[in-house]
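Read through the structure below, which is laid out as structure tokens, and then see the notes.
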Amino acid sequence: MTQIAAIIVAAGRGSRAGGGLPKQWRPLGSARVIDATLAAFRAGGIGRLVVVIHPEDATLAAGLAETGCAVVHGAETRAGSVLAGLAALEADPPDMVLIHDAARPLVRPALIARVLEALDTHPGAAPAVAVTDALWRGTQGLVSGTQDRTGLWRAQTPQGFHYAAILAAHRAHPGGAADDVEVARAAGLDVAIVAGDEDNLKITAPEDFARATRLMGAAMDIRTGNGFDVHAFGPGDHVWLCGVKVPHDRALMGHSDADVGMHAVTDAIYGALGMGDIGQHFPPSEARWKGAASHIFLEHACALAREHGFDITHADCTLICERPKIGPHAPAMKAEMARIMGLSPDRISVKATTSERLGFTGREEGIAALATATLLKGQP
Ligand code: MG
């Protein structure tokens, strides 16, 4: 499994933002800028975090180690601080490293995921937003010319790299680079541009605090969806339930592999998005879905959620049947659902109940499944 770490550069003095303290230590909503930034990386599934601080801020950073971060002292320059962070990872080197400004607390998990995905095929990747405003040159308050904006991008962080390559690049660089992308390029590394996010602002000026607070509140969108599915038993020797092949004296009948649990979870995600159901996205009238493995449906629903800016934070599935016994297979089902959905298994629940021999499930004519999915856009 790919090991990923993030370096949060928090050593700047940031006096432009006012307020006495460097901006990364100032309050934002109910926490501080840096706390929001660290929470954003944890929400993006990055648990190994190195925070690079100015030695004068050691008291301010005192609580960070308790939350599991490594705290290291930076240098006079930003590049020197990044190198201190990279060196702190050297004893147990990760495969990939994300380097991020502490003053960008609104980075979303989807953006982190885009950078990491690009690192599968490139040694470096960084988010940027295309310049859409007209660009002028100005002299003494007057427009003195216009600048072609073709091919111009506004750079953001996190900038991601293969760890060994960026460490070597920083060690070889003479200094004075604007950012880590410049360091990487000086070492001959290709850096892919991935779609940035207009809301991933860098807090610089005093008014940026108000904008960041507004975005944090306004952007949050929590949704719940439910799903229900039934498949009837027919002849066979196994059933597919939540991605696991379970031996049984019958099989579930259906157009696809009839994984009733996975279908219920998939419909719960479509439900939370308000975007139809499996039957609509994968019509049973189309022969190409005959016998299809149901992970195709679930992967589609998860991708649709991501495309619309949502993270799936939890899914809960209840299977209703007398037999087969689900308990012994539940951990494997959790693990398989988590793998398909790209979530950690502690965000997936698979449980079962009988219907006390009542009704169609009680008569063992089929299996029913109920599911709930929770989706979140933005940051709490
Ligand atoms: Mg179904």
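The values are calculated or read from the model by the stated rules, or taken from the named source; none is laboratory data. For clarity, every value in this text was computed on a predicted model and none was experimentally measured. Virtual Cβ from ideal backbone geometry, glycine too; neighbours counted across all protein chains shown. Heads up: the accessible areas ignore ligands, DNA and RNA and are worked out on the full protein's heavy atoms, side chains in. Shrake-Rupley method; radii C 1.70, N 1.55, O 1.52, S 1.80 Å.
Of all residue pairs spaced 6 or more apart or on separate chains, those with beta-carbon atoms under 6 Å, a first member in the range 265-279 that is assigned to a helix (DSSP H, G or I) and a second member that is open to solvent by 40 Å² or more (accessible area, probe 1.4 Å) and within 14 Å of the ligand (Cβ to nearest atom) are ASP267/ASP277; TYR270/ASP277. The criterion of at least 3 residues that are touching a Ser or Thr at 6+ places or on another chain (Cβ under 9 Å) is met by the following strands (runs of 3 or more DSSP E) wholly inside the range 31-133: 49-53, 96-101.
Inside the range 207-244, residues that are within 14 Å of the ligand (Cβ to nearest atom) and open to solvent by 70 Å² or more (accessible area, probe 1.4 Å) make up a count of 2.
Taking the residues in the range 138-179 that are open to solvent by less than 70 Å² (accessible area, probe 1.4 Å) and touching a Ser or Thr at 6+ places or on another chain (Cβ under 8 Å) as candidates, determine which candidate is farthest from ALA125 (Cα to Cα). Residue satisfying both the conditions and the ranking: GLY138. Of the residues GLU299, GLU322, the single one that is modelled with pLDDT of 95 or more, under 25 Å from ALA195 (Cα atoms) and acidic (Asp, Glu) is GLU299. Considered as a group, the residues in the range 245-300 that are open to solvent by 60 Å² or more (accessible area, probe 1.4 Å) and aliphatic (A, V, I, L, M) include one that is farthest from the ligand (Cβ to nearest atom), and that residue is ALA287. Per the listing ALA6, ALA110, ALA36, the residue uniquely among the aliphatic types (A, V, I, L, M), in contact with a Gly (Cβ under 8 Å, 6 or more places away or on another chain) and buried (at least 20 other Cβ atoms within 10 Å of the Cβ) is ALA36. Restricting the range 301-340 to residues that are more than 14 Å from the ligand (Cβ to nearest atom) and touching a Gly at 6+ places or on another chain (Cβ under 7 Å) leaves a set whose member that is nearest to VAL246 (Cα to Cα) is MET333.
For first residues located in the range 223-238 and farther than 26 Å from ALA373 by Cβ, partners that are part of a strand (DSSP E or B) and β-branched (Val, Ile, Thr) and lie 6+ apart or on another chain with Cβ distances below 7 Å form the pairs HIS238/VAL246. What do you reckon, is ILE203 within 26 Å of PHE310 (Cα to Cα) and crowded, with 20+ Cβ neighbours inside 10 Å? Yes, satisfied. Looking at ALA130, ALA125, which one is among the small types (Gly, Ala, Ser) and in contact (Cβ under 8 Å) with a residue 40 or more places away in the chain? Going through ALA130, ALA125 in turn, the sole match is ALA125.
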